[in-house]
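This report concerns only the one structure given below.
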Amino acid sequence: MNSSDLPGTSLPRTRLSRLCCSADGKHRICTSLSLMLALTTGCHNLPHADQSAPEPTIYSQTRATSNAIRAVEKAQTVAANAFGTRRDINDTPTAETSVNAASPIALTAFDESTLDESLLERATLDDVAAPDPAALDIEPIVLQHPQVLEQAHALEQPVVGFDAMSTGMTLEAIEAIALSNNPTIAELVATTQKAAGFRHQVGLWANPTLGYNATQLADEGTDQHTVFISQTLITADKLALNRSVLNEALRAQLLQLEAQKYRIATDVRITFYEALAAQRRIELIRDFRSVVDKGLDIAEQLKEAEEGSQLEVVQAKVQKNEIELALKQAEIRYQAAWRELAAFAGNPGLAPMPLHGNLPNEEPSLDWSDVAASTTAASPEYQAALARVSQARANLCRQQVQPIPNLDVQLASGYDNGTNSGLINLQIGAPIPVFNKNQGNIAAARAEYMRASREVERIENSIQARLAAVSREYDSSLAAVQQYASDILPNAEEGLNLAELAYQAGETSFVQVLVARRTYFDTNLQYIRSQAQLAQAKAQVDGFVLTGALDSVVDNSGDDSLRGLTLGQQ
């Protein structure tokens, strides 16, 4: 037998017996040992399906997730990689949004094609399908304003945006802080690292076994000494199939990481607008309190001039007390909203400070059928579910080839003192799949494939249901904002002015002034509430109706059980 007949060896074509022709048996065994070590190297380099290029190390495999690790450790890197332009809900799925470094932070849909290909391996089987990224117009979230977090690190605490020293904390600054501090990001980064490690592990070849064997030691002069090497040869491309299964698990975890970024951004935006609305209510109430104080002074002056009554003074005091109570309640709401915002940002101890931003006065009407279609297709939550289907399909393919037996090959070389000559032994064996044909695992893999397919349907329906609820809030608040801005607020202001002039001229009662003041005050509060609801609804649409910035993270990174299945075969 020639050494070139051995798979994976790179020795020249020569007979092994020529390597065993030393003068004594001990030297022959040493020579055989040298041969076995050479074969060990050859078997270690046995070719497999994906060995056209060197297998990347675990460090090179996790290059994509290293950016997210640095996002947790260094806020400056988060500022460079965590956010980008927001998907305009009026754009078609194929529209591209330009990035302006001076514009506010905005989100775009996630683009699976931007994932580092050194981390992900495309499945090579025709029936192991993966989501088609070319059909989606989605890009990863990146942050436009690294200066925000540079200031934060300079002060060793989260700070405000570019003009924050004079105007307050900006939404962009809070979003940047949240992406750098929220613990769920670090958790999902860890799960992607686990998935990358498992994918690398399940594709590794089995280690060869090197040993020494001696027989007939009690029979002097007939003893035999051999050095052997054994290797399990994996058949049916099982290692490549293992990698395809774990590759889809890794893809799904990366998509879950992107979905979590949108969850954090959406919750931060919703809470920011709630706090901003509470801040505007405080400002409005304080302004209106000066009007009420002025009215109380006028009522007291008229009473002293005997042109008014004590009842009017009491009514003015009651209205002032109501305004003071409303101010306290607005301050309580602002404090609660700020604490919630700080918790989402990963810094619960952040001291309250003024917020800088604008509540919308106008937004376009939306075609909710188009929004639903584009949101579902581009949602990273939906894409992660499709990746789980691809993972289940790949696992079914893998389980179906499991009954094909591997080959256990053993080669021994040594010296026979009885015949004073060298010897070579070759042994090849394989388990026969008579009783265990992997029937149970194949059935379970089929069931998991069906479950994953149904999970895609559930997530699609869930997105549609959540979007329907958001559409109700968006349309109703948009109608309210438009009506208040065009009709209700101007009429309320005019009514207040006319009532005060008529009262000072003695043409109406003080009750009419109180009613006009209350109407003006309530309509302004309702306008701010409608603005906040519109901004929050728009934030949910832009964020693929994903919320839950602090919900527990589900770890679906997988494990290395396929490797044990590959090598065990029993």
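The values are calculated or read from the model by the stated rules, or taken from the named source; none is laboratory data. Source: prediction; values computed, not measured. For neighbour counting, all protein chains shown are included, and Cβ atoms are generated from backbone atoms with ideal geometry for every residue, glycine included. Note: accessible area is taken over every heavy atom of the protein model, side chains too, but ligands, DNA and RNA are not part of it. Shrake-Rupley method; radii C 1.70, N 1.55, O 1.52, S 1.80 Å.
Observations
- Among the residues of the stretch 475-486, the ones that are within 13 Å of GLN533 (Cβ to Cβ) and either exposed (fewer than 14 other Cβ atoms within 10 Å of the Cβ) or among the small types (Gly, Ala, Ser) (or both) come to 4 in all.
- Considering the stretch 133-207, the qualifying helices (runs of 4 or more DSSP H), each wholly inside and each with 2 or more residues that are modelled with pLDDT under 50 and open to solvent by 10 Å² or more (accessible area, probe 1.4 Å), run over 146-155, 164-167.
- Here is the figure for the stretch 266-284: residues that are open to solvent by 10 Å² or more (accessible area, probe 1.4 Å) and more than 29 Å from the chain's Cα centre (by Cα) total 6.
Residues checked against (1) within 20 Å of GLU248 (Cα to Cα); (2) among the basic types (Lys, Arg); (3) assigned to a loop (DSSP other than H, G, I, E, B):
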{"position": "ALA394", "(1), (2), (3)": "yes, no, no"}
{"position": "ALA412", "(1), (2), (3)": "no, no, no"}
{"position": "TYR415", "(1), (2), (3)": "no, no, no"}
{"position": "LEU423", "(1), (2), (3)": "no, no, no"}
{"position": "GLN427", "(1), (2), (3)": "no, no, no"}
{"position": "LYS437", "(1), (2), (3)": "no, yes, yes"}
{"position": "ALA445", "(1), (2), (3)": "yes, no, no"}
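- Per the conditions (1) acidic (Asp, Glu); (2) exposed (fewer than 14 other Cβ atoms within 10 Å of the Cβ); (3) over 26 Å from the mean Cα position of the chain (by Cα); (4) farther than 25 Å from VAL481 by Cα, the sole criterion not satisfied by ASP522 is (4).
- Test: residue in the stretch 336-348 that is open to solvent by 50 Å² or more (accessible area, probe 1.4 Å), among the small types (Gly, Ala, Ser) and in a loop (DSSP other than H, G, I, E, B): no
- GLN569 vs. criteria open to solvent by less than 50 Å² (accessible area, probe 1.4 Å) and at pLDDT below 95: yes
- Take the conditions (1) in contact (Cβ under 8 Å) with a residue 40 or more places away in the chain; (2) among the aliphatic types (A, V, I, L, M); (3) farther than 30 Å from LEU534 by Cβ; (4) open to solvent by 10 Å² or more (accessible area, probe 1.4 Å); LEU217 misses just one of them, which is (1).
- Single condition ALA337 does not satisfy, out of (1) out of contact with any Leu (no Cβ under 8 Å at 6 or more places or on another chain); (2) without any contact (Cβ under 8 Å) to a residue 12 or more places away in the chain: (2)
- Residues within the stretch 487-515 that are surrounded by fewer than 16 Cβ atoms within 10 Å (Cβ to Cβ), touching a Ser or Thr at 6+ places or on another chain (Cβ under 8 Å) and of a type outside the set (Gly, Ala, Ser), tallied: 0
- Of the residues making up the stretch 504-543, those that are free of Cβ contacts under 8 Å to residues at least 12 places away in the same chain and of a type outside the set (Gly, Ala, Ser) are GLU507, THR508, ASP522.
- Restricted to the stretch 317-335, and to residues there that are open to solvent by less than 50 Å² (accessible area, probe 1.4 Å) and not hydroxyl-bearing (Ser, Thr, Tyr), the residue that is nearest to GLY506 (Cα to Cα) is GLN319.
- Selection within the stretch 302-316 - surrounded by 14 or more Cβ atoms within 10 Å (Cβ to Cβ) and assigned to a helix (DSSP H, G or I): LEU302, LYS303, GLU312, VAL313, GLN315, ALA316
- In the stretch 335-349, the residues that are aliphatic (A, V, I, L, M) and in contact with a Pro (Cβ under 6 Å, 6 or more places away or on another chain): ALA342
- Of the residues making up the stretch 495-519, not one is under 54 Å from the mean Cα position of the chain (by Cα), of a type in the set (D, E, K, R) and farther than 28 Å from LEU276 by Cβ.
- Filtering the stretch 320-343 to residues that are of a type in the set (Val, Ile, Thr) and over 37 Å from the mean Cα position of the chain (by Cα) leaves only ILE323.
- Which listed residue, of ARG472, ARG466, is surrounded by fewer than 16 Cβ atoms within 10 Å (Cβ to Cβ) and either touching a strand residue (DSSP E or B) at 6+ places or on another chain (Cβ under 8 Å) or in a helix (DSSP H, G or I) (or both): ARG472
- Residue within the stretch 360-372 that is assigned to a helix (DSSP H, G or I), hydroxyl-bearing (Ser, Thr, Tyr) and touching a Leu at 6+ places or on another chain (Cβ under 8 Å) present: no
- The set of residues from the stretch 417-447 being charged (D, E, K, R) and over 22 Å from ARG388 (Cβ atoms) comprises just one member, LYS437.
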